[in-house]
Amino acid sequence: MVDEIVEALSDEIRMGILRPGDRLPSERMLCDRFGVGRSSVREALRVLSSMGLIEIQMGRGSFVADPDAREDPPGIWDRSADVPLSAVMEVRLAFEPQMAALAARRAGDEHLERLEASLRNLESHIERDSLRGRVFADMAFHEALARASGNPLYLSICRGIEPLLFEARRAGLRSLERSKWELESHAEIYGAVKRRSSGSASRAMWHHVAERASELGFDPSGEGLAPPEG
């Protein structure tokens, strides 16, 4: 139950449902929401604090931390693995278009709300010129899409390769113009998912990943990789 609480609240923070400076619900309210005792809630809050997502202020409560002020969460951003980005992009091109196609078929109202929230969050951080906020919003979109696919393995894969993408993601989103393109690309994918157009969602995701791969010096067509037909 501690893991469930941590996952639920961290998702809400990364997607902008809970924003920097917001006060989290009281321990009693969290107990009622998750159907657990206070010990589980307090442990979950300690975990979120150690991840740098919240600040626990004695006598006042718990508050969402400013993403520009927090460090990378320990144990999550392990970027020591010796895996070239070209290999990561090959994997993304292999599974993310199909993941988007399934999301277009299976997404429920809650999934669409999560995707839309991540778009609003990214737009907000572009306006605020918050690099770390943009990075977390970008991550949140792909995680929300993985959830919408209805296949929990896609979420595991996304989270598994995220440490290898973190620096490249941060470097790409440093540019506001590049961030605006990211927002437009995400919006195109979201629109296809909302219309229940699996083919359009798949192709939009392919071009989204392929464009980023090209920026990183990896040419999908040169490796014989082609976008979905249709």
Failed item, numbered, when Glu113 is tested on (1) within 24 Å of Ser198 (Cβ to Cβ); (2) touching a residue at least 40 places away in the same chain (Cβ under 8 Å); (3) part of a helix (DSSP H, G or I): (2)
When residues of the stretch 141-158 are filtered for being in contact with a helix residue (DSSP H, G or I) (Cβ under 7 Å, 6 or more places away or on another chain), outside any loop (DSSP other than H, G, I, E, B) and closer than 25 Å to Ser86 by Cβ, how many remain? 9
Any chance you could count how many residues in the stretch 152-169 are loosely packed, with under 15 Cβ neighbours inside 10 Å and either under 13 Å from Arg212 (Cβ atoms) or at pLDDT below 90 (or both)? 5
Limited to the stretch 168-217, what total is found for residues that are free of Cβ contacts under 8 Å to residues at least 60 places away in the same chain, more than 18 Å from the chain's Cα centre (by Cα) and assigned to a helix (DSSP H, G or I)? 6
Among the listed residues Ser124, Ser149, Ser118, Ser130, which satisfies the condition of being open to solvent by less than 30 Å² (accessible area, probe 1.4 Å) and at pLDDT 95 or above? Ser149
Identity of the residue in the stretch 82-110, in contact with a helix residue (DSSP H, G or I) (Cβ under 6 Å, 6 or more places away or on another chain) and assigned to a loop (DSSP other than H, G, I, E, B), that ends up farthest from Ile189 (Cα to Cα): Val83
Considering the stretch 117-140 alone, what residues qualify as being touching a residue at least 12 places away in the same chain (Cβ under 8 Å), over 14 Å from Glu12 (Cβ atoms), part of a helix (DSSP H, G or I) and among the charged types (D, E, K, R)? Glu123, Arg132, Arg134, Asp138
Out of the residues in the stretch 42-59 that are in contact with a strand residue (DSSP E or B) (Cβ under 7 Å, 6 or more places away or on another chain) and open to solvent by 60 Å² or more (accessible area, probe 1.4 Å), which is nearest to Arg132 (Cα to Cα)? Glu55
Expected single match for hydroxyl-bearing (Ser, Thr, Tyr), surrounded by 15 or more Cβ atoms within 10 Å (Cβ to Cβ) and closer than 26 Å to Asp109 by Cβ among Ser202, Ser179 is Ser202
Taking into account only those residues within the stretch 1-41 that are farther than 21 Å from Phe141 by Cα and of a type in the set (Ser, Thr, Tyr), which is least open to solvent (accessible area, probe 1.4 Å)? Ser40
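The values are calculated or read from the model by the stated rules, or taken from the named source; none is laboratory data. Values in this document were obtained by computation on a predicted structure and should not be read as measured data. Note that each Cβ is placed from the backbone with ideal geometry, even for glycine, and that neighbours are counted across all protein chains shown. Calculation scope for accessible area: heavy atoms of the full protein, side chains included, ligands and nucleic acids excluded. Shrake-Rupley method; radii C 1.70, N 1.55, O 1.52, S 1.80 Å.
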